[in-house]
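Asker: I'd like to ask you about the structure that follows.
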Amino acid sequence: MSKAGLFISFEGPDGSGKSTQISYLKEFFEEKGLDCVFTREPGGTEIGEKLRDVILDTHNYEMCDMTEALLYAASRAQHVSQVIQPALDEGKIVVCDRYVDSSVAYQGYGRQLGGDVVSAINDHAIMGCLPDVTFLIEIDPKDGKKRIKSSERDRLESEKLWFHKRVYKGYLEMAEKYPERIIVIDGTGSREEMRDEILGHVSRILKERGIL
Ligand code: TYD
């Protein structure tokens, strides 16, 4: 599939502060008057949000790991075909809170289905639609977990620390494998430090593409 716009994704362990950084980026794009779509996974479409409820429901403790991986991929397939690819084709900037790297990290490494297996499933869902740039906010899973109240944790966030350590390892391995796409941001810095670093990269990319 062809791609005209700019596709940015945000990744990181739970509690990494992604949402705050995404809201800073939103303000930045609004100030510049750029046409952007902000979306998230799992979800991002009506069908995807229904799948999200099933995936994250803490009552669904019986869900097998492959079902989980396929549901995330199903939500993503809908998201790509209904929202992401059409927006990119119109030349828009798309910012997605989590995307395929989350599946490789959480289902591939966390659930131990294997990064290759999960990537292969997702190849069918994304049809070649990969982010141009991915910001990976790096924070020790122990610290990330502490930032989310136990009463507010969803099914994935409630997983044991060793699960989140494997997820983290998966993220670091992907960052090594795709250095041209994945930019690692130190999640231990202040919100403002992280914001300045991310906006610095985004401004550079926009200039390189002739958008700014
Ligand atoms: P969400 O509630 O949006 O939390 P966060 O604010 O941390 O992004 O994320 C949903 C959970 O789903 C989160 O624990 C990560 C997990 N996840 C996967 O396991 N695989 C995936 O493919 C995606 C997109 C998310």
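Asker: Quickly run through region 35-56 and pick out the residues that are within 15 Å of the ligand (Cβ to nearest atom) and either touching a Gly at 6+ places or on another chain (Cβ under 8 Å) or among the polar types (S, T, N, Q) (or both).
Answerer: THR39, GLU41, PRO42, THR45, GLU49, LEU51, ARG52
Asker: With respect to ALA73, determine if the residue is within 16 Å of MET174 (Cβ to Cβ) and within 10 Å of the ligand (Cβ to nearest atom). First the steps, then the outcome.
Answerer: Numbers: within 16 Å of MET174 (Cβ to Cβ): no; within 10 Å of the ligand (Cβ to nearest atom): yes.
The answer is no for ALA73.
Asker: Next question, about the same structure. Counting only residues that are buried (at least 18 other Cβ atoms within 10 Å of the Cβ) and without any contact (Cβ under 8 Å) to a residue 12 or more places away in the chain, how many does region 174-196 have?
Answerer: Residues in region 174-196 being buried (at least 18 other Cβ atoms within 10 Å of the Cβ) and without any contact (Cβ under 8 Å) to a residue 12 or more places away in the chain: 0 in total.
Asker: Among the residues of region 126-157, count how many are touching a strand residue (DSSP E or B) at 6+ places or on another chain (Cβ under 9 Å) and either farther than 23 Å from VAL95 by Cα or of a type in the set (A, V, I, L, M) (or both).
Answerer: 5
Asker: Applying the selection to region 6-64, what residues are open to solvent by 60 Å² or more (accessible area, probe 1.4 Å), touching a residue at least 24 places away in the same chain (Cβ under 8 Å) and over 14 Å from the mean Cα position of the chain (by Cα)?
Answerer: Of everything in region 6-64, those that are open to solvent by 60 Å² or more (accessible area, probe 1.4 Å), touching a residue at least 24 places away in the same chain (Cβ under 8 Å) and over 14 Å from the mean Cα position of the chain (by Cα) turn out to be LYS26, LYS32, ASP35, ILE47, THR58, TYR61.
Asker: Okay, next question. Taking LYS146 as the residue in question, decide whether it is open to solvent by 60 Å² or more (accessible area, probe 1.4 Å) and in contact with a helix residue (DSSP H, G or I) (Cβ under 7 Å, 6 or more places away or on another chain). Reasoning before the result, please.
Answerer: Details: open to solvent by 60 Å² or more (accessible area, probe 1.4 Å): yes; in contact with a helix residue (DSSP H, G or I) (Cβ under 7 Å, 6 or more places away or on another chain): no.
The answer is no for LYS146.
Asker: Can VAL80 be described as farther than 25 Å from GLU138 by Cα, within 16 Å of the chain's Cα centre (by Cα) and more than 10 Å from the ligand (Cβ to nearest atom)? Step through it out loud before you land on a result.
Answerer: Numbers: farther than 25 Å from GLU138 by Cα: yes; within 16 Å of the chain's Cα centre (by Cα): yes; more than 10 Å from the ligand (Cβ to nearest atom): yes.
Yes; evaluated as a whole, the condition is true for this residue.
Asker: Restricting to region 108-143, name every residue that is touching a residue at least 60 places away in the same chain (Cβ under 8 Å) and either open to solvent by less than 40 Å² (accessible area, probe 1.4 Å) or assigned to a strand (DSSP E or B) (or both).
Answerer: Within region 108-143, GLY108, GLY110, CYS129, PRO131, VAL133, THR134, PHE135, LEU136, ILE137, GLU138, ILE139, PRO141 qualify.
Asker: Is it true that some residue in region 13-34 is within 12 Å of the ligand (Cβ to nearest atom), aliphatic (A, V, I, L, M) and farther than 22 Å from ARG181 by Cβ?
Answerer: There is no residue in region 13-34 that is within 12 Å of the ligand (Cβ to nearest atom), aliphatic (A, V, I, L, M) and farther than 22 Å from ARG181 by Cβ.
Asker: For region 150-168, name all the residues that are of a type outside the set (A, V, I, L, M) and loosely packed, with under 14 Cβ neighbours inside 10 Å.
Answerer: If we filter region 150-168 for residues that are of a type outside the set (A, V, I, L, M), which is where we start, we get 150-155, 157-160, 162-166, 168.
Result: SER150, SER151, GLU152, LYS160, TRP162.
Asker: Sort out which residues of region 85-110 are farther than 19 Å from ILE182 by Cα and more than 8 Å from the ligand (Cβ to nearest atom), and write them in order of number.
Answerer: Matches in region 85-110: GLN85, PRO86, ALA87, LEU88, ASP89, GLU90, GLY91, LYS92.
Asker: Moving to a separate point now. Mind listing whichever residues of region 88-102 are open to solvent by less than 10 Å² (accessible area, probe 1.4 Å) and farther than 19 Å from SER19 by Cβ?
Answerer: Result: LEU88, single match.
Asker: Which members of region 74-87 meet the condition of being closer than 25 Å to GLY15 by Cα and surrounded by fewer than 21 Cβ atoms within 10 Å (Cβ to Cβ)?
Answerer: Scanning region 74-87 gives a single hit, ALA74.
The values are calculated or read from the model by the stated rules, or taken from the named source; none is laboratory data. Remember, predicted model here, so these are calculated numbers, not experimental data. Using ideal geometry, Cβ is built from the backbone for each residue, glycine included, and neighbour counts are taken over all protein chains shown. Remember, those area values only see protein heavy atoms, side chains included, never the ligands or the DNA or RNA. Shrake-Rupley method; radii C 1.70, N 1.55, O 1.52, S 1.80 Å.
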